[in-house]
Amino acid sequence: MLSDSLILKIMRIKSLKPVEMARYALKNTLFYKKFYKEWDGRSFDTLPVMTKYDLVGVSPYDLLSRQFKDQAYIYAETSGSSGAPTPSFLTRNDFKGLLGVTRLTPYMKEIKKEMGNNRTAVNGLTFGFTIAGTSFGALMQKHGALVAQLGTRSTIATPQRTAETIAKLKPFTISATPLDFMSWMEIIRVDLPSKHDDVIRNLKFLLSTAEPCAFSRKQQIERYFNITHVNTYASVDGLVSIPCPCGEMHLLKEMHYIELFDGQMNRIGEYGTGRLCFTGLIRKSTPMVRYMLDDVVTVKASNCEHGFKKSIMPHGRYELSMELNGKTWGNLDFEDIIYRYGLFMNYTIEVCSDVINIRLEEYPIAKNDYDITGLTREITSLTSLKCIAELLPLGSITDIRKVREAKSVIKVLDLRDCSRQLMPQIL
Ligand SMILES: [Zn+2]
């Protein structure tokens, strides 16, 4: 297996300049040939920004580079929760490269060490269009794990059935969205009490992606289940961050050129807080150039002890964000405050002109340890709005026994006249 420094060296060699990737895309794909009709091929800064709306009605094959049309071997789509799904093709080398990058997380050493005791992993992310499941499963297998791939093949993996399988296999790692993971663990606790302690004792890691998860929520999950929760911010479009034990998620300059934009689509720069636009610098099979991923993120320089230089923190989707008290609030900004006051199963928030109403859903193993007064006080002090929180029993928002057909995206509703929220077309 390649060493970490060799992986970085290969990336450095393969990495193109942003303008070189734009020229490549123009020359090799039908989509960019039309999209860049006016571009003189000289300056990157004069390129139009591509949004997901530019891709509505476009054939996925128009984004596939003609150079790689015989080599593509994975097709994936974003969940579409942001509007229209963005297509993505990967060649065998792209996929291997992706695994190589994912491997750079310092967590991988801890995971490998644990495999000496128990190497069973349950991959509960395979149900969907993204490549999260495929890559988590392959990554674990590559490092010697025995992987149960649960999803939809001939039978659908219902929450009960998944919980039963977890109870039987007693894995050391589960990959899942936090909401699914917490559902399965609660089903095991209630339906299979004699197996519960054994499952908890064996479990060491939760690997999650796909569902945005605030830092405080990750910390509460770690605390209540006594595990390490490795949460990754990544997207099928090709954005990959590296989760790190230092608490940050890192970016590699060889992989992406990041630009941030403000609400009026003025370019802010490469660091700061703004709407995320990126150019993939390595993967040529589906070139992504000046692609507006459109999450609100903070990008900053990093002093990480593991040697990473840059980090990214997502705040939530721009089109679901809002202005409050002179600040842009994403879904995750609310979530981060909420989970500082306990581990909830789920929540919904309504922002009105004079009050913020929060519905909090209890998670049974954590229900004696909530500080609702502290929570409302903090929200009020940060937003200058009165805050009313209601604690509801499990089941009020989430049906833990039902297969989830949609991502849990719309948690914070802005009901004010000044709202700019755009509801996704597909959930
Ligand atoms: Zn770090």
Task: Qualifying residue in region 261-269 (condition: more than 16 Å from the ligand (Cβ to nearest atom), within 21 Å of Ile7 (Cβ to Cβ), assigned to a strand (DSSP E or B) and touching a strand residue (DSSP E or B) at 6+ places or on another chain (Cβ under 7 Å)) - done: no
Task: Members of region 288-318 found to be within 12 Å of the ligand (Cβ to nearest atom), hydrophobic (A, V, I, L, M, F, W, C) and within 19 Å of the chain's Cα centre (by Cα), listed by number - done: Ile312
TODO: Output the number of residues of region 332-374 satisfying the condition of being open to solvent by 10 Å² or more (accessible area, probe 1.4 Å) and either part of a loop (DSSP other than H, G, I, E, B) or modelled with pLDDT under 95 (or both).
DONE: 9
TODO: Considering only region 46-75, state which residues are closer than 27 Å to Arg275 by Cα, exposed (fewer than 14 other Cβ atoms within 10 Å of the Cβ) and free of Cβ contacts under 8 Å to residues at least 40 places away in the same chain.
DONE: Thr46, Tyr53, Val56, Gly57, Ser59
- [ ] Give the residue that is nearest to Ala214 (Cα to Cα), with candidates limited to residues of region 293-307 that are surrounded by fewer than 22 Cβ atoms within 10 Å (Cβ to Cβ) and hydrophobic (A, V, I, L, M, F, W, C).
- [x] Val299
Task: Checking Lys9 against (1) within 18 Å of Met255 (Cβ to Cβ); (2) at pLDDT below 85; (3) out of contact with any strand residue (DSSP E or B) (no Cβ under 9 Å at 6 or more places or on another chain), the condition it does not meet - done: (2)
Open item on the list: Given (1) hydroxyl-bearing (Ser, Thr, Tyr); (2) open to solvent by 30 Å² or more (accessible area, probe 1.4 Å); (3) within 16 Å of the ligand (Cβ to nearest atom), identify the lone condition not met by Tyr257.
Closed with: (3)
Open item on the list: Taking the criterion of being within 21 Å of Met50 (Cα to Cα), within 16 Å of the ligand (Cβ to nearest atom) and either part of a strand (DSSP E or B) or aromatic (Phe, Trp, Tyr) (or both), would at least one residue in region 209-230 satisfy it?
Closed with: no
TODO: Consider only pairs whose beta carbons are under 8 Å apart and that are at least six residues apart or on different chains; among these, list those whose first residue lies in region 237-253 and is touching a residue at least 12 places away in the same chain (Cβ under 8 Å) and on the phi > 0 side of the Ramachandran plot and whose second residue is more than 7 Å from the ligand (Cβ to nearest atom) and assigned to a loop (DSSP other than H, G, I, E, B).
DONE: Gly238/Arg283; Gly238/Thr286; Gly238/Met288
Task: Residue satisfying all of: in region 79-93; outside any strand (DSSP E or B) and at pLDDT 80 or above; surrounded by the fewest Cβ atoms within 10 Å (Cβ to Cβ) among these - done: Arg92
TODO: Give the residues of region 97-128 that are among the aliphatic types (A, V, I, L, M) and within 21 Å of Met11 (Cα to Cα), sorted by residue number.
DONE: Leu98, Leu99, Val101, Leu104, Met108
Task: Residue satisfying condition, being surrounded by 19 or more Cβ atoms within 10 Å (Cβ to Cβ), modelled with pLDDT under 90 and away from the ligand (no atom under 16 Å from the Cβ), within set Ser235, Ser183 - done: Ser235
TODO: Of the numbered conditions (1) open to solvent by less than 20 Å² (accessible area, probe 1.4 Å); (2) within 16 Å of the ligand (Cβ to nearest atom); (3) assigned to a loop (DSSP other than H, G, I, E, B), Ser285 fails exactly one; give the number of that condition.
DONE: (2)
Open item on the list: Residue under question is Ile268, and the condition is that it be within 23 Å of Lys112 (Cα to Cα) and either free of Cβ contacts under 8 Å to residues at least 24 places away in the same chain or open to solvent by less than 40 Å² (accessible area, probe 1.4 Å) (or both); does it hold?
Closed with: no
Open item on the list: If Val122 satisfies all but one of (1) within 21 Å of Pro287 (Cβ to Cβ); (2) buried (at least 19 other Cβ atoms within 10 Å of the Cβ); (3) without any contact (Cβ under 8 Å) to a residue 60 or more places away in the chain, what's the number of the condition it fails?
Closed with: (1)
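The values are calculated or read from the model by the stated rules, or taken from the named source; none is laboratory data. Treat the numbers as computed from the prediction; the structure is a model and nothing was measured. Heads up, the Cβs are rebuilt from the backbone with ideal geometry, glycines too, and the neighbour counts pull from every protein chain shown. The protein model used for the area step is the full one, side chains on, heavy atoms only, and it has no ligands, DNA or RNA in it. Shrake-Rupley method; radii C 1.70, N 1.55, O 1.52, S 1.80 Å.
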